[in-house]
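J.: The following block contains the structure, expressed as structure tokens.
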Amino acid sequence: MNTNTRSSADRAAAGAPMASSERRVLSSRPVYLDLLRIRLPVPGLVSFLHRISGALLFLVGIPLLLAGVGMSLASPESFAQLRNAVANPVAKLVLLGLAWAYIHHFCAGIRFLLLDIHQGIDLPGARRSSVIVLVVSVALTVVVGARLW
């Protein structure tokens, strides 16, 4: 029997190779990803937060830092304006969020460098280092928050 005349279902049943356009998708796959229902393991959460903190630092932290340095160096009056702006509780919360982003990104970056040299690459070690990154970044952020207020 010529394989070109058989249907794709017959070829699949016979174990013959199928073209990628003929393959059926399993119906048990999700149609969409509900990101709020996905439960990441702790190393995955640290990796996700590392990316978020890097984006936050790049998109918000660097522009604010450059604007602050520019204001502080422009004149004594603009420096006084900057001090008044930073004394605002909302500004302190923004600074605290940026401090967390920096601290977490730094700690997670050290973790990833250790993983690159194959330290803590086994599952228990990876989980332990992820928890350490989360605890240390939150603890250091609390210290910075205490100094900020």
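Read the figures in this text as sums done on the coordinates, not as results from a lab. Quick caveat: nothing in here was measured; it's all calculated off a predicted structure. Using ideal geometry, Cβ is built from the backbone for each residue, glycine included, and neighbour counts are taken over all protein chains shown.
J.: Could you check the spin-label model distance between ALA74 and ARG147? Points 7 Å from the Cα along Cα→Cβ, value in nm.
T.: 2.7
J.: Additional query: What size of dipole, in debye to the nearest 20, comes out for segment 42-148 about its Cα centre when the only charges are +1 on Lys and Arg C-beta atoms and -1 on Asp and Glu C-beta atoms?
T.: Values: 7 positive and 3 negative charges, 40 e Å.
Computed about the Cα centre, the dipole is about 200 debye.
J.: Along Cα→Cβ, 7 Å out, is where each label goes; now give me the distance between the ones at SER47 and PHE112 in nm to one decimal.
T.: Result for the modelled spin labels: 1.1 nm.
J.: Tell me, what is the Rg over Rh of segment 42-148, with Rh the Kirkwood radius over Cα pairs? Mind dumping the intermediate values first?
T.: Working: Rg = 16.8 Å, Rh = 15.2 Å.
Result for segment 42-148 is an Rg/Rh of 1.10.
J.: With each label point set 7 Å from Cα along the Cα-Cβ vector, what nm distance links ILE132 and LEU65?
T.: Modelled inter-label distance: 2.6 nm.
J.: Given the peptides 61-69, 124-132, 42-50, arrange them by the average over their residues of other C-beta atoms within 10 Å, most packed first.
T.: Numbers: 61-69: 12.8, 124-132: 15.4, 42-50: 17.0.
Ranked by mean Cβ neighbours within 10 Å, highest first: 42-50, 124-132, 61-69.
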